[in-house]
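A short worksheet on the structure shown next.
Values in this text are rule-based calculations from the coordinates and carry no lab data. All of these numbers come straight from a predicted model, not from anything done at the bench. All Cβ positions, glycine included, derive from the backbone under ideal geometry; neighbour counts span all protein chains shown.
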Amino acid sequence: MGLKTALYDTHVLQGAKIVDFGGWEMPLHYGSQIEEHHAVRRNAGMFDVSHMGVIDLAGDRTCEFLKSLLANDVGRLKVPGKALYSCMLLPSGGVIDDLIVYFMSDTWFRVVVNAGTRDKDLAWIRRHAAAFDVTVALRHDLAMIAIQGPNARKKTMPLLAPAQRIAAGELAPFCAAAFDSWFIARTGYTGEDGFEVMLPAVDAAKTWNALCAQGIQPAGLGARDTLRLEAGMNLYGNDMDENHHPLESGLTWTVAFEPGDRDFIGRQALENLRRSAGHELVGLLLDDRGVLRSHQKVVMAGTAPLPTGEVTSGTFSPTLNRSIALARVPRTAASGVQVEIRGKLHAASIVKPPFVRHGKALIPV
């Protein structure tokens, strides 16, 4: 049996199809993945993301430590509660994980890492934190619920105490507030507005059921994946990993090369890679019928032997009603390519992701 979140029994009672995800027993869907996807795009849906790792870092040198650990620069964070998306790199430039870090005070930062890399991340963070006298605490006592969609924040508000309601209502995008035992962030992984709520695990089931009573649709991993891909958001292990660096994974914007004297882990490797042509991550729209899936070969136009790339994430988009993908291709690739699906080549077009944000198509359909 795999690991279970505090909401596992609730998922079973609600008829979820349970699957293994990175060693965790998680809901794939509650009946219709498509309906769950549309609920998030059009109204409000919620996901159990308690399997992700919530790590608190504390100490006088925490900011200094994170400036060294992360490719993005936490020195940019000046307002308590402000969040930053970043990669944590190997010296080679390969991505150990992507994460969100919240600046809560000069001596307290909260980091949220992926479930499948949690143990690896924790070991890496602890290894490097020791030199800065930073304490590292994995918050086993917390659950995490992501409430997403155009009506997500409005439907969440009745569950909050008056003071919480005011603070949550004033949150800017990519900011968080901590009050009592709750931590509410205006972040997400769907391309829609909403909250990610960290709360005591003992309160998770009653909170989940209260959110259901507000008309918020429970959603599983299936909808979470189609939503994030429509939003052009990377999935660790697919679109980047230890063998691929941010510059070829659509994440150059997350690397802070300035100030030039900040010596973060992996910097020298990325400085060298900046001077090479290499590959890039692009969006694909399938022009023919079919479904794009990860690891399919992408063939460039030109004379033989043809240069190739690879689909890193692919799916059928419920919002666009056509197949979409992220793919790593040579930077010299033309806009028209072909994708090998079951031994046959199908025409596809290179586009710039995201495909959908805030319920609206951002590419021609």
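Using only the Cα atoms of the range 105-210, what are the Rg and Dmax in Å?
15.2, 45
Please report the base-10 log of the normalised intensity I(q)/I(0) for the range 1-89, using a Debye sum with one equal scatterer per alpha carbon and no solvent, at each q in 0.18 (1/Å).
The calculated log intensity ratios at q = 0.18 Å⁻¹ are -0.90.
What would the Debye equation give as log₁₀ I(q)/I(0) for the range 228-333 at q = 0.11, 0.12, 0.15, 0.24 Å⁻¹, counting only Cα atoms as equal point scatterers?
-0.40, -0.47, -0.69, -1.31
Given Cβ point charges of +1 (Lys, Arg) and -1 (Asp, Glu) and nothing else, what value in debye, to the nearest 20, does the dipole of the chain about its Cα centre take?
Here the chain has a charge dipole of around 820 debye.
Can you pull a Stokes-Einstein diffusion coefficient for the chain at 37 °C (0.692 mPa s), Rh from Kirkwood over Cα pairs, as a whole number of µm²/s?
154 µm²/s
What is the Cα centroid distance between the range 1-35 and the range 124-147, reported in whole angstrom?
For the range 1-35 versus the range 124-147, the Cα centre distance is 25 Å.
What value, in deg cm²/dmol to 500, does the helix sum -39500 (n - 2.57) over DSSP H runs of n ≥ 4 give at 222 nm once divided by the residues of the chain?
Here the helix-only value at 222 nm equals -5500 deg cm²/dmol.
Please enumerate, by chain and number, the lysines with C-alpha under 27 Å from the C-alpha of K78, excluding those fewer than 8 residues away in the same chain.
Of all the lysines, those that pass the test against K78 - Cα under 27 Å, at least 8 places apart if same chain - are K67.
Over the range 14-171, consider all pairs of different Cα atoms and compute the Kirkwood hydrodynamic radius from their mean reciprocal separation; express it in Å, one decimal.
17.6 Å
Mind grabbing the base-10 log of I(q)/I(0) for the range 277-361 at q = 0.14, 0.22, 0.23 Å⁻¹? Debye formula, identical points on the C-alpha positions, no solvent, two decimal places.
-0.42, -1.00, -1.08
For the range 84-117 and the range 287-354, write down the distance between their C-alpha centroids in whole Å.
30 Å
From zero outward in steps of 10 Å, how is the percent of C-alpha pairs of the range 230-291 spread across the bins?
17, 45, 27, 8, 3, 0
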